[in-house]
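Just so you know, all these numbers are worked out from the coordinates, no wet-lab data involved. In this text, all values refer to a predicted model and were calculated from it rather than measured experimentally. Ideal geometry is used to build each Cβ from the backbone, glycine not excepted, and the neighbour counts take in all protein chains shown.
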Amino acid sequence: MAASSSLAIALVGTGQMGQAVEAVAHERGHTIVSRFNAEQPLPVDTQTSLKDADVAIDFSLPHTATAHVKYYCTSGQPAVVGTTGWYDALDEVKGWVKAHDASVLYAPNFSIGVALLVRALRGVLPLLDDLPEYDAFVHEIHHTNKVDSPSGTAEMLGDTLIEGLRRKTHQAVEAQHGKIDPQALHVSSTRAGNVFGEHTIGLDSAFDQVTLRHVAKGREGFAFGAVRAAEWLAEGRSGLFTLDDMLDDVIGR
């Protein structure tokens, strides 16, 4: 189904995710007015906005992400950012957004299904916090071309668990070559084949195991979430938002 109004979109990152975003954008009646990639980089060294674009959608590379986000803030370019690897600069980004009245929406995962998984997890956490018999873990599987490990989504799920469990204080990522700290939440990864993305939250006790699991069937789901977020952001919003903010607003309506 097409969106209610057409957007002019700047596509930043033209790899497989960028191509999926372009396909979904066209299906929803939007136009790609510019494309940026390694051969034609985003002009981060200028303060000129992408005047023809209502919004940018960024699925580029982690090493470019912070510079891209700073450019969006300082140039006044509304942007949806799916690239991860820059969250250690989040406090600095909040300052840029405030100083320039910028408009940025970011998420480590734009799947609406993952957002539902997080909400289900938050519903379970108060009960789980009172049941120390259950130990939590996160495991994710992705294709062999994925550049980060663990995934940004796995780390986000880990942070959600830590926020809700007093007995967990930090993430222990990847292989553990000894007895794990009881206060550590183990977040592990597998890289194999062409898996689009699988994330599992396990709650294990001596008696049974409960799992919450999301399996992506393709990139289209992530692309749809990003385009839907762009439509929401382009309604005239300013601030630093996450996918949760959009969903809260949509559900509120």
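In the structure shown, do any of K98/K217; K146/K168; K94/K217; K51/K94; K51/K217; K70/K179 have a Cα-Cα gap over 32 Å, and if so which?
In this structure, K98/K217; K94/K217; K51/K217; K70/K179 lie more than 32 Å apart at Cα.
Separation between the A67 and A99 pseudo-spin-labels, each 7 Å from Cα along Cα→Cβ, expressed in nm?
Label at A67, label at A99, 1.8 nm between them.
Once you compute Rg and the Kirkwood Rh from C-alpha atoms, what is the Rg to Rh ratio for segment 112-215?
Taking Rg over the Kirkwood Rh, I get 0.96.
If packing is taken as the average count of other Cβ atoms within 10 Å, what order do 28-34, 136-142 fall into, highest mean first?
Result, highest mean first: 136-142, 28-34.
Ranked highest first by the average count of other Cβ atoms within 10 Å around their residues, in what order do 56-62, 77-83 fall? List each step's numbers first, then the result.
Numbers: 56-62: 23.6, 77-83: 25.4.
In descending order of packing, they fall as 77-83, 56-62.
State the extension gain, in nm to one decimal, for the chain segment bounded by T48 and V147, taking 0.36 nm per residue of separation less the distance between their alpha-carbons. Don't jump to the answer; show the numbers that get you there.
Numbers: separation 99, 0.36 × 99 = 35.64 nm, distance 3.03 nm.
Contour length minus the Cα-Cα distance gives 32.6 nm.
Mind checking the angle between helix 243-252 and the chain's longest principal axis? C-alpha axes, 0 to 90 degrees, to the nearest 10.
For 243-252 against the chain, the angle is about 90 degrees.
Quick check: residue separation of E235 and E27 times 0.36 nm, minus the Cα distance between them. What number comes out in nm? Don't skip to the end; give the middle numbers.
Values: separation 208, 0.36 × 208 = 74.88 nm, distance 1.93 nm.
Extra length available between E235 and E27 comes to 72.9 nm.
With the cut-off at 19 Å, report for segment 1-114 the share of all Cα pairs above it, as a whole percent.
Of the Cα pairs, 42 percent sit more than 19 Å apart.
Would any residue of segment 102-130 have its amide N under 13 Å from a label point 7 Å out along Cα→Cβ of R166? List them or say none.
Hits in segment 102-130 for R166 at 13 Å: 126-130.
Of all DSSP beta bridges in the chain, what percent run antiparallel (nearest 5)?
Working: 14 of 43 bridges.
DSSP beta bridges in the chain are roughly 35 percent antiparallel.
For the chain, what is the Kirkwood estimate of the hydrodynamic radius, computed as the reciprocal of the mean inverse distance between distinct Cα atoms, to one decimal in Å?
Details: mean 1/r = 0.0522 Å⁻¹.
Result for the chain, one decimal place: 19.2 Å.
Which angle between 0 and 90 degrees, to the nearest 10, do you get for helix 112-129 versus the longest principal axis of the chain when only C-alpha atoms count?
30 degrees
Which value results when the Cα radius of gyration for segment 157-197 is divided by 2.2 N^0.38 Å? Mind dumping the intermediate values first?
Details: Rg = 12.4 Å, N = 41, 2.2 N^0.38 = 9.0 Å.
Normalised Rg, Cα atoms only: 1.37.
Can you give the local net charge around Y106? Use residues other than it whose beta-carbon is closer than 12 angstrom to its beta-carbon, Lys and Arg +1, Asp and Glu -1.
Neighbourhood net charge equals -2.
When N counts the residues of segment 208-253, how does its alpha-carbon radius of gyration compare numerically with 2.2 N^0.38 Å, as a ratio?
1.51
What order do you get for T74, T153 when you list them from fewest to most C-beta neighbours inside 10 Å?
Lowest count first: T74, T153.
So, by mean Cβ neighbours within 10 angstrom, what's the order for 17-27, 201-211 with the highest one leading?
Packing proxy ranking, top to bottom: 17-27, 201-211.
Could you give P(r) for segment 36-99, binned at 5 Å from zero, as whole percent values over all Cα-Cα pairs?
With a bin width of 5 Å, the distribution comes to 4, 18, 31, 29, 15, 3, 0.
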